[in-house]
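Chemist: Submitted below is the structure of interest, expressed as structure tokens.
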Amino acid sequence: MTISLPKLKAIIKYLCHNTNPAFLGKTKLMKLFYFLDFTQIKRYGVSITGETYYHLEFGPIPTTIKNLVDSVSDDPETALLSDTIQVHCCGRHDIHKIVCLQSFTENDKEYFSQVELDTMEEVTKRFGGYSTKQIVDVSHKEAPWKLTKELEVIPYQLAAEDPDCIVDRDDIDLLSKI
């Protein structure tokens, strides 16, 4: 992961405040990160977070980000994101609801290019009202998910296999090395 902690926190705040809080659990948050990075890849050949995604049962998961969010539940005293979110376990299905503790501010915008802000807005407008099941189902229709097997790394280059990608695979590969 190449993203700074302050920028990661700003993304989380943006996603939390532009998504229906009734549907925002850990799984949906991970899918929002997936769509954020892969939408950016499909348009510009580079991701926003630089995160490594793995093919897991409920779709692509950004590993380091997932571990940081999990640590808020596991060890809130030392978790790096404890000042930004809380994770509440609720219901009989072990739903882990995300509760944001801070607002996305004008100062947070300074971490992003206008293109990144536009991508965040597009992703939250598209998926903000989706349930976890709905966003998981959409992620399973994406080429990066379909072309990998469980527990495999999902290469960003596979985004080029989706019909909405305007950047070719070689350019994604080249830009990922810069």
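Values in this text are rule-based calculations from the coordinates and carry no lab data. Note that this is a predicted model, so its numbers are computed, not measured. Ideal geometry is used to build each Cβ from the backbone, glycine not excepted, and the neighbour counts take in all protein chains shown.
Chemist: Going by how many other beta carbons lie within 10 Å of each one, how would you line up ASP37, ASP137, fewest first?
Modeler: ASP137, ASP37
Chemist: Just one of (1) 39, 15, 9; (2) 25, 19, 15; (3) 28, 18, 14 is semi-axes √(5λ) of the Cα gyration tensor in Å calculated from these coordinates, so which is it?
Modeler: (2)
Chemist: Going by C-beta contacts inside 10 Å, put LYS149, LYS26, LYS66 in order with the fewest on the left.
Modeler: Ordered by Cβ neighbours within 10 Å, fewest first: LYS149, LYS66, LYS26.
Chemist: If you don't mind, there's one more thing I want to ask. When ASP168, ASP162 are ordered from fewest to most other Cβ atoms inside 10 Å of their Cβ, what list results?
Modeler: Fewest to most other Cβ atoms nearby, the residues stand as ASP168, ASP162.
Chemist: Another question about this same structure. Which cysteines in the chain lack any other cysteine whose Cβ sits under 4.7 Å from their own Cβ?
Modeler: CYS89, CYS90, CYS165
Chemist: Calculate for the chain the 222 nm mean residue ellipticity that helices alone would give, adding -39,500 (n - 2.57) per DSSP H run of length 4 or more and normalising by residue count, nearest 500 deg cm²/dmol. Provide the component values of the computation, followed by the final result.
Modeler: Values: 8 runs with 82 residues, N = 178.
It comes out at -13500 deg cm²/dmol, rounded to the nearest 500.
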